[in-house]
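Encoded as structure tokens, the structure appears first; notes follow it.
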Amino acid sequence: MDEPAEIGRRVLRWRTERGLTQRQLAEPKYTAAHVSTLESGKVRPSETALRFFAEQLGTTYEELATGRPAHLATELRLALAEAQRLLATGTPSEAAARYRDLLAEAERLDLAPEQAAAGIGLGECALESGELADARAHFETAERLLAAEPLPRRARAIRGRAVAHLLAGELRYACYVLETALDELNTSGLHDPDALVLLYAATIGPYMDMGAHVRAAHAADIALALAPHVSDPALVAGMHRSVARTLLAEGRIAEADTSIAKAQELYQQLHLRTELAHCHWMRGYVHAQHGALEDAERELRIAHRTLAAKRASLFTAQVEVELADVLRRRGRHEEAEALLTHLLDLSGERGAVHAAGAHRLLGLIAEDRGDLAAAERYYDNALVLLERSGAAGDLADLCRLRGDLLRRTGRTEAAMDAYRTGLGHRAAPGTTTLGPAPRHPPI
């Protein structure tokens, strides 16, 4: 809202242009004296009063409060909904280019919520492309812009910042960010299903990496229990966007704004499909740990289909490694190899971890076939990748596998060295210390 004097001049000008007296503008809810005080800039009008006067003057609250034509902000929100659709349906590079244009426009119009929305979109695009520093900066800026908003409105920015820290290897801090937000949601009565699913699903990755499997499984169960309250929104959102365009063309700005808001909310729910895929991945992992391989394959394939359709490449690779391991354990070596081959050339810190996982599994398959020389080559490749990424737990496991292989081929001293190296990684300062779990939401 502009300063009172500027708003007062605007009301006076529009009242005069429309040939209304102060009494005609004021009645039946206010007095002519109130209008006079407002026009002189001596009082800051309430939102309720401005909405009433805007209707009397045939304009919108936004235009009266800020001087910006309402259709500009509405058109910007419609464009943001379109960019959100592009991101939700799997074209992050195109969405990022659109979000950059929209961020510049939102800054020009000085619209903080729209700046935050564009920044969150850019952050999510950056996450998918592995640009973690850029992603974190976008999410932090969005959180500052939304600082006065209720926590559910900030959930996407919080989740994004936590995931950026997770992918950078800062596991405990990622957990801290997410658990703090969940505690606030669950203790304040702000039981928003979308926000809860988003945040609980995001905790699964760091919990798993830290070895907190029980807590990860619990988070997955909560997210999936809340999932029925988050419907599949794609068709309805598209309908609202089409309706908004029609209403805009007819000059029905307020109604168009309402349709756009509904479309944006639905596209946010559509984005949650990625988070729910993580929950299916978690269930698959738990089934695999308990030897229920058929159930594990079913859950992992659900996660894989969703993530592949979303083109979330790093997360898809992570699930492919898990699924290939289940297929190997079920004796379907050729299927597992076909799934792993394209992962061998992944780059970047997290990509290297997944590529190492693929090499490790191919080594195990080679061992199952009795080709110990090939297995050793795969383990050596995995070792180089893991040393580059600093994944201590995975390094320790791989050193054990290499040691077992070396011992089987009679190279006892080399096996001892491999075991010692593995013990050194296991003894490295850990990141598995967690505080109390977040309070449980009422489901």
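The values are calculated or read from the model by the stated rules, or taken from the named source; none is laboratory data. Please read all numbers here as calculations on a predicted model, not as lab measurements. When we count neighbours, we look across all protein chains shown, and the Cβ atoms used for this are built from the backbone with ideal geometry, even at glycine.
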**Request:** Among the residues of region 13-45, write down those that are in contact with a helix residue (DSSP H, G or I) (Cβ under 7 Å, 6 or more places away or on another chain) and hydrophobic (A, V, I, L, M, F, W, C).
**Result:** W14, L25, A26, A32, V35, L38, V43
**Message:** Name the residue that is surrounded by the fewest Cβ atoms within 10 Å (Cβ to Cβ), counting only residues in region 137-149 that are part of a helix (DSSP H, G or I) and of a type outside the set (V, I, T).
**Reply:** R144
**Fill in**
Filtering region 321-341 down to residues that are surrounded by fewer than 23 Cβ atoms within 10 Å (Cβ to Cβ) and without any contact (Cβ under 8 Å) to a residue 24 or more places away in the chain yields G331, R332, E334, E335, A338, L339, T341
**Request:** Scan region 82-95 for residues that are buried (at least 23 other Cβ atoms within 10 Å of the Cβ) and either modelled with pLDDT of 85 or more or not in a helix (DSSP H, G or I) (or both) and jot them down.
**Result:** A83, A95
**Request:** Quickly run through region 139-167 and pick out the residues that are closer than 18 Å to H278 by Cβ and small (G, A, S).
**Result:** A155, G160, A162, A164
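P45: surrounded by 18 or more Cβ atoms within 10 Å (Cβ to Cβ), touching an Asp or Glu at 6+ places or on another chain (Cβ under 7 Å) and not hydrophobic (A, V, I, L, M, F, W, C), yes or no?
Numbers: surrounded by 18 or more Cβ atoms within 10 Å (Cβ to Cβ): yes; touching an Asp or Glu at 6+ places or on another chain (Cβ under 7 Å): no; not hydrophobic (A, V, I, L, M, F, W, C): yes.
Considered against the rule, which asks whether it is surrounded by 18 or more Cβ atoms within 10 Å (Cβ to Cβ), touching an Asp or Glu at 6+ places or on another chain (Cβ under 7 Å) and not hydrophobic (A, V, I, L, M, F, W, C), P45 comes out as no.
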**Prompt:** Only one of (1) at pLDDT below 90; (2) aliphatic (A, V, I, L, M); (3) not assigned by TED's automatic domain parsing to the domain that holds A79 is not met by L127, so which one is it?
**Reply:** (3)
**Asked** Residues that are at pLDDT 85 or above: which helices (runs of 4 or more DSSP H) entirely in region 22-74 hold 1 or more of them?
**Response** 22-26, 32-39, 47-57
**Request:** Would you check which residues across region 57-81 are over 33 Å from the mean Cα position of the chain (by Cα), buried (at least 20 other Cβ atoms within 10 Å of the Cβ) and among the polar types (S, T, N, Q) and list them?
**Result:** T60
**Request:** Name every residue in region 97-136 that is surrounded by fewer than 17 Cβ atoms within 10 Å (Cβ to Cβ) and among the hydroxyl-bearing types (S, T, Y), in order of residue number.
**Result:** S129
**Message:** Pairs please, first residue from region 29-57 and touching a residue at least 24 places away in the same chain (Cβ under 8 Å), second anywhere and assigned to a loop (DSSP other than H, G, I, E, B) and surrounded by fewer than 14 Cβ atoms within 10 Å (Cβ to Cβ), Cβ atoms under 7 Å, 6+ apart in sequence or on different chains.
**Reply:** L57/R18
